[in-house]
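Peer 1: Below are the structure tokens for one structure; questions will follow.
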Amino acid sequence: MSDFATALADRDVLLLFGMTPPRITVSEDRAQEVADAMLTRLGGLDIDGLILYDLDDESERTDEERPFPYLETLDPGDFLDQHLGALDAPAVVYRSIAKHDEPSLTAWLDSTPQGQATVFVGAPTSDRPLDISLPDAQALCRARRPDMPLGAVMIPERHGGRGDEHMRLIAKQEAGVSFFVSQVVYDMAGAKNVASDYAYTCRTRGLAPARLVFTLSLCGSRKTLEFLQWLGVDVPQWVRNELVHSDDPLGMSVVHALDTARELRAFCDHLGVPVGFNVESVSTRRTEIDAAVHVARQIDFEMRR
């Protein structure tokens, strides 16, 4: 098994797969069943890393009712250590900074084996009090684990509203971040706008661009579509129409995800920006999980063979 830093540097197209750990209320046996099922699905798929999300309750971010209730999940680091020992790929463990203080984050960094990576995520809103800020957490990682690839979140929708997401990326890169993972991409134009502004600003500053990893998530139902929009994902009206009116919304979502990957790969190649894709499976429905694996396998076949 290669470490994540090697794949990050060497791969033409980085391929990640994202999953949410089981609910905190499940038994140890059930958690192992979930892990084993995912490992079986990923068998034979040459991914560069398995992303394990660290969910946070984002209800304070909006007054709109959450389509799905927030359910606390197992700590991603604990789920990895206790149930994914047979994983034949590096892990990328998300850390929600709002759940940590400096001692707990230090303890985790010091205990994490070499070869893994992490993505630090800030609080859902600026109003939430934090025991450690995102910049301080990034500095802590750089000091304690300079060998660990540190990632950060990229939000194309924020760029559409403020026009400065590319500058946030550059500031985080200067703070030690070596790759960025986007929020779910349904609006290709928004993702291309961020990538373009980032690439040309890097060029002006003489800065080598970090790898941009675009997240692809499938939508198999109207309820899932509502949840994506609740999360702040910009779903263009034409895409929404195709999903809502299709007899097979999941199949249509697969087509859209692959078209998005092809277009973003070609555009980033044009810009000279290292690219990657994170195909996520956050649904508990078997058909949606299998469809996500299919998308990852197709990206692997088309772009890395």
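The values are calculated or read from the model by the stated rules, or taken from the named source; none is laboratory data. Only a predicted model underlies this, so the values are computations on that prediction, with no experimental measurement involved. Note that each Cβ is placed from the backbone with ideal geometry, even for glycine, and that neighbours are counted across all protein chains shown. These area figures cover heavy atoms from the full protein model, side chains too; ligands, DNA and RNA do not enter into them. Shrake-Rupley method; radii C 1.70, N 1.55, O 1.52, S 1.80 Å.
Peer 1: Across the chain, how large is the tail of the calculated P(r) beyond 32 Å, expressed as a percent of all Cα pairs?
Peer 2: Tail of the P(r) past 32 Å holds 22 percent of the pairs.
Peer 1: In addition: State, as an integer percentage, the relative contact order of the stretch 167-305 based on alpha-carbon contacts under 8 Å between residues 6 or more apart.
Peer 2: Value for the stretch 167-305: 29 percent.
Peer 1: Oh, and also: Rounding to the nearest 20 debye, state how big the charge dipole of the stretch 221-305 is about its Cα centre with +1 on each Lys and Arg Cβ and -1 on each Asp and Glu Cβ.
Peer 2: 180 debye
Peer 1: 7 Å from Cα along Cα→Cβ at both Gln237 and Arg162: what's the point-to-point distance in nm?
Peer 2: Simple spin-label model gives 2.8 nm for this pair.
Peer 1: Ok, one more. Over the chain, with every protein chain in place, what whole percent of the accessible area is carbon and sulfur at 1.4 Å, could you tell me?
Peer 2: Percent of accessible area from carbon and sulfur atoms in the chain: 48.
Peer 1: Hey, what does the equivalent ellipsoid look like for the stretch 183-305, semi-axes from the Cα gyration tensor as sqrt of 5 times each eigenvalue, largest first, whole Å?
Peer 2: Working from the Cα gyration tensor, I get semi-axes of 27, 16, 12 Å.
Peer 1: Per residue, how much accessible area does the chain have with a 1.4 Å probe, in Å²?
Peer 2: Result: 45 Å² per residue.
Peer 1: Each label point is 7 Å from the Cα along the Cα-to-Cβ direction; what then is the distance between the points at Thr284 and Asp110, in nm?
Peer 2: Taking the simple label geometry, Thr284 and Asp110 are separated by 3.8 nm.
Peer 1: Taking the Cβ-Cβ separation of Thr6 and Leu258 as r and a Förster radius of 22 Å, what is the calculated FRET efficiency to the nearest 0.05?
Peer 2: 0.25
Peer 1: Something else: Simple spin-label model, 7 Å along Cα-to-Cβ: His270 to Ala139 in nm?
Peer 2: If labels sit at His270 and Ala139, their model points lie 4.0 nm apart.
Peer 1: I'd like the Kirkwood hydrodynamic radius of the stretch 89-224, using the inverse of the mean 1/r over distinct C-alpha pairs, in Å.
Peer 2: Here the Kirkwood hydrodynamic radius works out to 16.0 Å.
Peer 1: Positive end of the dipole of the chain, charges at C-beta (+1 Lys, Arg; -1 Asp, Glu), about the Cα centre: which of Ala292, Tyr186, Val13 has its Cα farthest in that direction?
Peer 2: Toward the positive end, the furthest listed residue is Val13.
Peer 1: Where the centroid of each part is defined by its Cα atoms, how far is the stretch 137-178 from the stretch 247-269 in Å?
Peer 2: 26 Å
Peer 1: Further question on the same structure: Say R0 is 51 Å: what FRET efficiency, to the nearest 0.05, do Arg23 and Leu207 get from their beta-carbon distance?
Peer 2: 0.75
Peer 1: Let me have the relative contact order for the chain, percent, based on Cα pairs under 8 Å that are six or more residues apart.
Peer 2: For the chain, the relative contact order is 20 percent.
Peer 1: Hey, what did the stretch 217-262 get for relative contact order, percent, Cα under 8 Å, at least 6 apart?
Peer 2: 49 percent
Peer 1: From the helices alone, meaning DSSP H stretches of at least four residues, give me the mean residue ellipticity at 222 nm for the chain, per-run term -39500 (n - 2.57), in deg cm²/dmol to the nearest 500.
Peer 2: Theoretical 222 nm ellipticity from helices: -15000 deg cm²/dmol.
Peer 1: Okay, moving on. What lysines does Lys172 reach when the alpha-carbon gap must be under 30 Å and sequence neighbours fewer than 8 apart in one chain are set aside?
Peer 2: Lys99, Lys192
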